Amino acid sequence: MARVRASHFTLDMALPRCVKLKFRGANIGRDLEGVSPSNELSRPRRSRRLLLAWVVAMALLLAFAGLGNYLRTRKPLLDVPLPGDIGNLETQLRAYIEEKVQRVRESPREMQRYATLGIVYAANGLWNEAQKAFKNAAQLNPKEPLAQMYVGIATQESGDLDQALQLFRQLAVQFRNFAPAHYRLGHALLRAGALDEAESAFQRLIACAPTEWRGLAGLGDVKLRRGDYAAAVHCLEQAVRHDPSAKNAHHLLGMAYRGMGRMEDAALELRLGLNAVVFPMPDAWSETASQHMRLLQDQIDIANAYSQAGSPNKAVELLDRALSFHPRNLALLNNLAIAYNRSGQPQKARPLLQRMLQIDERYLSAHITLSFNAQMLGFNDEALAHAEKAIALAPDTPQGYLAKANVLLAMERDVEALAALGTAFSCDPQNAEVQIEMGDVCLRNLNRPAEAMEHYKNASKLDPVFAPVHVRVADLQIKLGETNEARASLQTLRRISPNAPELAVLEGRLQKLRNR
Amino acid sequence: MEASRTSLRGAIIPLNCVWLIALVWSSGLSGCSKSPPAPGSVPAAVQHSDQSADPWFEETAVNARLNFKHSSGASGHFWMPEMMTGGVGLLDYDGDGYLDVFCVNGGSLDSTTTNRPGNKLYRNLGNWQFEDVTERAGVGGHGEYGMGCTCADYDGDGGTDIYVTNVGTNILYHNNGDGTFTDVTREAGVGGASWGTSCAFFDYDGDGHLDLFVANYLKWSPTRELECFSHGGLRDYCSPMNYKAPAVDSLYHNKGDGTFENVTVSAGLDKAYGNGLGVACADFNGDGRLDIFVANDAMPNQLWINQGNGKFVDEAMIRGCAVNTYGVPRAGMGVAAVDLDQKGWLDLFVTHLVGEDNGLFMNGKGYFTDALHPKGPGSGSLPFTGFGVGFADFDHDGQLDLYVANGRVKSGARNLNPTDPYAEPNSLLRGLGGGQFEQVSPQGGVVESRAATSRGAAFGDLDNDGDMDVVIINRDGPVHLLRNIARKQGSWIIFRALSRKHTDAINAWVRVEAAGKVYWRYVQPNQGYCSSSDPRVHFGLDSAQKVERVTVRWPDGAEEFFGPFEVGRIFELNEGKGQK
């Protein structure tokens, strides 16, 4: 990158130098024009003029050579890709694209700016434009593997899988130690059914990035497709050891166990792999992508991810920025209000929620969020009224009952809260989290440990790999002095979530109990 | 007991927070990638279609006076059902030997609308002429918002009946045998109150009476609508996941007296649920009992394995047809249960959203594998959103071909049809054998590629000329009636398998041996998306001039042999009249 800038700078400097030379040459010419050729010129004067002419000629020669070299080596001025229908894009996205396009135009030979523009397009689903931007980036710096890789990715996303495969093949040869290239190539080859070549790509990925689970998972996938289940299990068990949260690898491992007839292990691994999302191998560019997402739904999703990861202030910041572009969008208003609630600023959520009700008095989400909001502010009666309104609007959905349970708990009407949770569960009988909440209410508020255990065990049946269930079960078993049962629960917890932070604490407590 | 008070935490589930944030960049890997391939771009399959190639179908709706025009009732509210409506049924309601066409309309979800377009029944007069007999037949509906239908003789009286799914109460029309139908929903007890989509009649308990399964999509009402946007930034339809309100499907047991009992809970079907759209009922694990596969939209599919005691257990996960090969749930729309490798085990082909391939779950003795093959039936599907689907040997070369009705659920930045932002061309793939397929040129097999928002598609021989025609419902557009004009590569034969009650033997296997080859077909008209096809089974026979032997495995597992048969004709196979 630094080298590109330096080169660029030199070329820019070359241009004025040429201009100066040109003008100087002209001046000299004019000088010469002022003197008529004459035989009367003295010899020394003549030789001086010859010398001067020679110098000028040499200077011109050098200048032309320099110009030629400049023209030959300078970076081309490329077309900046722009969506043809940019006027139809979401306002915020349009403004962001225009800003990034302007940045490219300000420095049209800078590879990094095209790369950023490409990522902006890609992050917002505009793959055709992304492909052009990445191509420009690759042309400006052919030695940057990411640029070439992203041309391949954009080509793949645009639907031309054969061409993408060719690009990944070239990339893997040209940049033999560039791990993401082998990842992309491996998967493109798997898709093309070229198992032998895919196997080599994943082996190369493992060699380049030994701690990366995706190489082992890819290799396991190849073995699985060949029906070599034992070899697949060997690779995939290593993959999940590298990253116990790698759902894709768990799923593949489950299929491999199934192939071997180990159905119980298979069921557990398939459960651990359920609802996977494919996260391609990260790289320096992909890690910047989420900051360029400007589609409203994406921003809402990112904000929710922030909130769930314990950073609601980031969610507020993100959604507040979007609000200036979408001031009457109910989904945005609701999510921003939720983010304010979660960040401990319920007073800021309130006007947003009231604005929502002004727009649509029957908007279900507004009543649910308002219920939580009012409860946080201590307005329990109002909170209950909004929960009831939500239930009236959608009596077959759990959210209204959950909101009601929440406010009843705040009012210490625990038995009624438990009943509301029960109704919520009947609306969503697959929801293990509601069973956990019911167990918590029974245990902590009503001091009914047996009933709590029943709810926790129900939750465990609904979602056998949901770690918080096993944490609670083990915790309660330890409290009740059921050491053998607690040990079994902790074994399960260790298997499904070996990095669970509660594990060590619970094992310590169990050990103490056994030592008594 | 050390315990501190609790307040709700985990169970606080805000609406709208649905998608996990993942920058999912890699086609075919991304089960729920939010970034479709180049939204709105003209797919490669369209760009490269060779318009000079011979068409396989001819659009004949206008000439045939099949003038149904679907209406979603879209009025700017972006109510979710408007995007999903549209099914079609092929049935011989008057017993004249020709398939008639029942078209399901959306209508209007706005309670203030008074003049709602209803469903239509068209009688096939032969010679590619149809007559609108809706009023006389009494099947137009009562202003319900229609989704799909299934057609079968549920009471064994010889007349094919119609069950229509709606947003709200569904309708069962009993065929009176005189060209009219009676709405018997209430008496039969099959109304339901959910949002029904695809449905199927099948005899799950082997008592000789057709039971009824209905897939339900969402718990939805206008008050639960949300605001969502397309990639173009305009207001658009939401993903079902935005609502967080999947619905439990319904199973009705036929009591044999014209009434049904809702056995959903006792059968265990409330134990798992998703956003159900596609249904296929068949014996998937070879135990002789009929199972149920449900394709769910953006949630894991269900495979309800029949336990034989009136109960079902969802085994989709362990049997390998719940999610894709990486554990990612896809947006299942339509489903076809088809024996692709002709070995007597039904595979599952599911159509999906743009950016996800249409998926083939290959059945290996009851256990499925998500088959990724570069030339498989899912090839070329990445740029499209598939709904209706059907396999048939359209050109009689002995290989099953594939037709997929496509149409977006979100508008793209660029439109393929200036008046319809959701329109896409449909796909036709020629079967090459060995599980391989290739795109047919011209795109969709028709001379003029007709981009529309296609939903349900039904397949059948409408003129009894021995080849399979197609009827497609297009959202807010005219119906497509595709007459098969493909250049034929071989001979054909059609069988109608009839039970002892002289009703279509739904869920029977028909195995044909001809010229050293073996062909398997399964009698199950209720497949695809919200649609019901020809109950007869059609075989393209390549160069065979005679069918040596036909084996029928009836739904109760008994086998009978028939034959030999001349090719080029339609035959009945009557239970009890073959050789044991």
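The values are calculated or read from the model by the stated rules, or taken from the named source; none is laboratory data. Note that the structure is a prediction, hence the values are computed from the model and not measured. Glycine gets a Cβ as well: all are built from the backbone with ideal geometry, and neighbour counts include every protein chain shown. Note: areas computed on protein heavy atoms with side chains; ligands, DNA, RNA excluded. Shrake-Rupley method; radii C 1.70, N 1.55, O 1.52, S 1.80 Å.
Working only within segment B:308-339, note down all residues that are in a loop (DSSP other than H, G, I, E, B), over 22 Å from A:Met255 (Cα atoms), touching a residue at least 24 places away in the same chain (Cβ under 8 Å) and open to solvent by 10 Å² or more (accessible area, probe 1.4 Å).
Selection gives B:Gly310, B:Lys311.
Within segment A:282-292, work out how many residues are surrounded by fewer than 17 Cβ atoms within 10 Å (Cβ to Cβ) and either more than 10 Å from chain B (Cβ to nearest Cβ) or within 18 Å of A:Thr211 (Cβ to Cβ) (or both).
Residues meeting the conditions: 4.
Residues of segment B:340-379 being open to solvent by 30 Å² or more (accessible area, probe 1.4 Å), within 14 Å of another protein chain (Cβ to nearest Cβ) and not basic (Lys, Arg), which ones?
Going residue by residue through segment B:340-379, those that are open to solvent by 30 Å² or more (accessible area, probe 1.4 Å) are B:341-343, B:345, B:353-354, B:362, B:364-365, B:367, B:369, B:371-375.
Right, trim to within 14 Å of another protein chain (Cβ to nearest Cβ) and you get B:353-354, B:362, B:364-365, B:367, B:369, B:371-375.
Matches in segment B:340-379: B:Leu353, B:Val354, B:Met362, B:Gly364, B:Tyr367, B:Thr369, B:Ala371, B:Leu372, B:His373, B:Pro374.
Quick check on segment B:175-225: of everything there that is open to solvent by 10 Å² or more (accessible area, probe 1.4 Å) and aliphatic (A, V, I, L, M), which residue is nearest to B:Ser532 (Cα to Cα)?
B:Leu210
Is at least one residue of segment B:306-313 within 14 Å of chain A (Cβ to nearest Cβ) and not hydrophobic (A, V, I, L, M, F, W, C)? It would help to see each step written out before you state the result.
Step one: filter segment B:306-313 for residues within 14 Å of chain A (Cβ to nearest Cβ), giving B:313.
Pick out the ones that are also not hydrophobic (A, V, I, L, M, F, W, C) and you get none.
There is no residue in segment B:306-313 that is within 14 Å of chain A (Cβ to nearest Cβ) and not hydrophobic (A, V, I, L, M, F, W, C).
Please note which helices (runs of 4 or more DSSP H) are completely contained in segment A:173-281 and include at least 2 residues that are more than 10 Å from chain B (Cβ to nearest Cβ), in contact (Cβ under 8 Å) with a residue 12 or more places away in the chain and surrounded by fewer than 19 Cβ atoms within 10 Å (Cβ to Cβ).
Working: elements: A:179-192, A:195-208, A:213-226, A:229-242, A:247-260, A:263-272.
In segment A:173-281, the matching helices (runs of 4 or more DSSP H) lie at A:195-208, A:229-242.
Wholly within segment B:344-432, which strands (runs of 3 or more DSSP E) include no fewer than the required count, namely at least 1 residues that are among the β-branched types (Val, Ile, Thr)?
Values: elements: B:347-350, B:359-364, B:367-371, B:386-392, B:401-406.
Counting at least 1 such residues, we get B:347-350, B:367-371, B:386-392, B:401-406.
Looking at (1) facing another protein chain (nearest Cβ under 9 Å); (2) open to solvent by 40 Å² or more (accessible area, probe 1.4 Å); (3) under 38 Å from the mean Cα position of the chain (by Cα), which is the only condition A:Asn431 fails?
With (1) facing another protein chain (nearest Cβ under 9 Å); (2) open to solvent by 40 Å² or more (accessible area, probe 1.4 Å); (3) under 38 Å from the mean Cα position of the chain (by Cα) applied to A:Asn431, the lone miss is (2).
Please go through segment B:244-260 and give me each residue that is of a type in the set (Val, Ile, Thr) and farther than 29 Å from B:Asn301 by Cβ, ordered by number.
Taking segment B:244-260 first, the residues of a type in the set (Val, Ile, Thr) are B:248, B:259.
Of everything in segment B:244-260, just one residue is of a type in the set (Val, Ile, Thr) and farther than 29 Å from B:Asn301 by Cβ, namely B:Thr259.
Pick from A:Ala57, A:Ala65: which is modelled with pLDDT of 80 or more and loosely packed, with under 13 Cβ neighbours inside 10 Å? Break it down stepwise before answering.
On the way: A:Ala65 fails: modelled with pLDDT of 80 or more.
Just a single option satisfies the conditions, and that option is A:Ala57.
Could you please find all residues in segment A:436-470 being of a type in the set (Val, Ile, Thr) and more than 10 Å from chain B (Cβ to nearest Cβ)?
Step one: filter segment A:436-470 for residues of a type in the set (Val, Ile, Thr), giving A:436, A:441, A:465, A:469.
Of everything in segment A:436-470, those that are of a type in the set (Val, Ile, Thr) and more than 10 Å from chain B (Cβ to nearest Cβ) turn out to be A:Val465, A:Val469.
Report, by residue number, each residue of segment A:408-428 that is of a type in the set (A, V, I, L, M) and part of a helix (DSSP H, G or I).
From segment A:408-428, those of a type in the set (A, V, I, L, M) are A:408-411, A:415, A:417-421, A:424; that's our starting set.
Listed by number, the residues that qualify are A:Leu408, A:Leu409, A:Ala410, A:Val415, A:Ala417, A:Leu418, A:Ala419, A:Ala420, A:Leu421, A:Ala424.
Working carefully through the options A:Ala392, A:Ala405, find the one that is under 26 Å from B:Asn275 (Cα atoms), part of a helix (DSSP H, G or I) and either facing chain B (nearest Cβ under 10 Å) or touching an Asp or Glu at 6+ places or on another chain (Cβ under 6 Å) (or both). Walk me through it before giving the result.
Values: A:Ala405 fails: under 26 Å from B:Asn275 (Cα atoms).
When all the criteria are applied, what remains is A:Ala392.
Kindly list the number of the only condition in (1) closer than 18 Å to B:Gly398 by Cβ; (2) under 30 Å from the mean Cα position of the chain (by Cα) that fails for B:Lys546.
(2)
In segment A:464-513, how many are touching a residue at least 40 places away in the same chain (Cβ under 8 Å) and part of a helix (DSSP H, G or I)? Before you say what the answer is, go through the steps one by one.
Of segment A:464-513, the ones touching a residue at least 40 places away in the same chain (Cβ under 8 Å) are A:464-465, A:495-499.
This time we only want the ones that are part of a helix (DSSP H, G or I), so: A:495-496.
Residues flagged as touching a residue at least 40 places away in the same chain (Cβ under 8 Å) and part of a helix (DSSP H, G or I) within segment A:464-513 amount to 2.
Checking B:Val510 against (1) farther than 30 Å from B:Ser72 by Cα; (2) touching a Cys at 6+ places or on another chain (Cβ under 9 Å), which single condition isn't satisfied?
Of the numbered conditions (1) farther than 30 Å from B:Ser72 by Cα; (2) touching a Cys at 6+ places or on another chain (Cβ under 9 Å), the odd one out for B:Val510 is (2).
What is the number of the single condition among (1) out of contact with any helix residue (DSSP H, G or I) (no Cβ under 6 Å at 6 or more places or on another chain); (2) of a type outside the set (A, V, I, L, M); (3) open to solvent by less than 10 Å² (accessible area, probe 1.4 Å) that B:Gly256 does not meet?
With (1) out of contact with any helix residue (DSSP H, G or I) (no Cβ under 6 Å at 6 or more places or on another chain); (2) of a type outside the set (A, V, I, L, M); (3) open to solvent by less than 10 Å² (accessible area, probe 1.4 Å) applied to B:Gly256, the lone miss is (3).
For segment B:136-165, give me each residue that is surrounded by fewer than 23 Cβ atoms within 10 Å (Cβ to Cβ) and closer than 16 Å to B:Thr259 by Cα.
B:Asp153, B:Asp155, B:Gly156, B:Asp157
So, in segment B:431-476, exactly how many residues are of a type in the set (Gly, Ala, Ser) and open to solvent by 10 Å² or more (accessible area, probe 1.4 Å)?
Within segment B:431-476, the first condition is being of a type in the set (Gly, Ala, Ser), and the residues that meet it are B:431, B:433-435, B:441, B:444-445, B:449, B:451-452, B:454, B:456-458, B:460, B:466.
With open to solvent by 10 Å² or more (accessible area, probe 1.4 Å) added as a condition, the list becomes B:433-435, B:441, B:449, B:451-452.
So the count comes out to 7.
Just to check your reading of the model, which residue among A:Ala403, A:Ala419 is within 21 Å of A:Gln375 (Cβ to Cβ) and surrounded by 24 or more Cβ atoms within 10 Å (Cβ to Cβ)? Break it down into steps so the answer makes sense when it comes.
Details: A:Ala419 fails: surrounded by 24 or more Cβ atoms within 10 Å (Cβ to Cβ).
When all the criteria are applied, what remains is A:Ala403.
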